[in-house]
1. Could you list 15, 106 in order of exposure, starting from the residue whose Cβ has the fewest other Cβ atoms within 10 Å?
2. Counting other C-beta atoms within 10 Å, which of 63, 19, 6 has the fewest, and how do the rest follow?
3. For the modelled label position 7 Å from the Cα of residue 143 along Cα-to-Cβ, which residues of the stretch 52-73 have backbone nitrogen atoms closer than 19 Å?
4. What angle, in degrees between 0 and 90 and rounded to the nearest 10, separates the Cα long axis of helix 146-164 from the longest principal axis of the Cα atoms of the chain?
5. What length, rounded to one decimal in nm, is gained on full extension from residue 173 through to residue 124, with 0.36 nm per residue of separation minus their alpha-carbon distance?
6. Using Stokes-Einstein with the Kirkwood hydrodynamic radius over Cα pairs, what translational diffusion coefficient do you get for the chain at 25 °C and a viscosity of 0.890 mPa s, in µm²/s rounded to a whole number?
7. Could you work out the helix-only [θ] at 222 nm for the chain, with each DSSP H run of four or more residues adding -39,500 (n - 2.57) and the total divided by the number of residues, to the nearest 500 deg cm²/dmol?
8. Hey, in the GNM for the chain with a 10 angstrom Cα cutoff, which one of 174, 95, 14 fluctuates hardest?
């Protein structure tokens with residue numbers, strides 16, 4: 001799944017739960033943490049595989065259930081210490097939804113090999129074409145099939161939901177930057 005697809009899945013899930021559980025839209029800081037969490041596995045694994053060659057593929061180390069088993073309690077511990085549980089939960093919803101969203105649609109028909117990355121290194125990494133970076137992946141391997149159109153559709157829904165929710169996040173970032181940069185002048 002591409003970055004916009006991961007963000008869409010994470011935001012749609014998070015806003016639905018937030019509205020149902022608390023009767024309100026997501027808050028700004030947890031929404032920012034959610035967006036970061038939804039990209040984290042790719043921001044770690046893909047450069048380490050594609051650019052540095054330390055990992056056998058772009059869905060290995062942080063895409064595994066083993067990493068999640070370490071990340072979830074660690075993030076909750078830090079979030080609780082900082083009295084920012086909602087921020088930690090936002091990050092974890094993004095992170096964990098990324099892992100699930102990467103499971104290929106073929107799993108629905110009983111083909112589980114594409115989800116072997118979840119148990120790497122116990123199970124072998126699914127075959128992956130060599131990639132020279134994200135731009136190379138986009139230019140040479142990206143095709144617009146039904147799965148990609150679904151991602152764009154989900155992204156459009158997520159943007160509408162985000163807008164309906166009052167666009168949580170960017171205003172806080174802008175205000176913070178304005179305050180910080182204003183203090184420098």
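Every number here is computed from the coordinates shown, using simple stated rules; none is lab data. Note that the structure is a prediction, hence the values are computed from the model and not measured. Ideal geometry is used to build each Cβ from the backbone, glycine not excepted, and the neighbour counts take in all protein chains shown.
1. Neighbour counts put them in this order, fewest first: 106, 15.
2. 19, 63, 6
3. The answer is none, because no backbone nitrogen lies closer than 19 Å to the label point.
4. 10
5. Taking residue 173 through residue 124 to full extension adds about 13.6 nm, to one decimal.
6. Translational diffusion coefficient: 138 µm²/s.
7. -20500 deg cm²/dmol
8. 174
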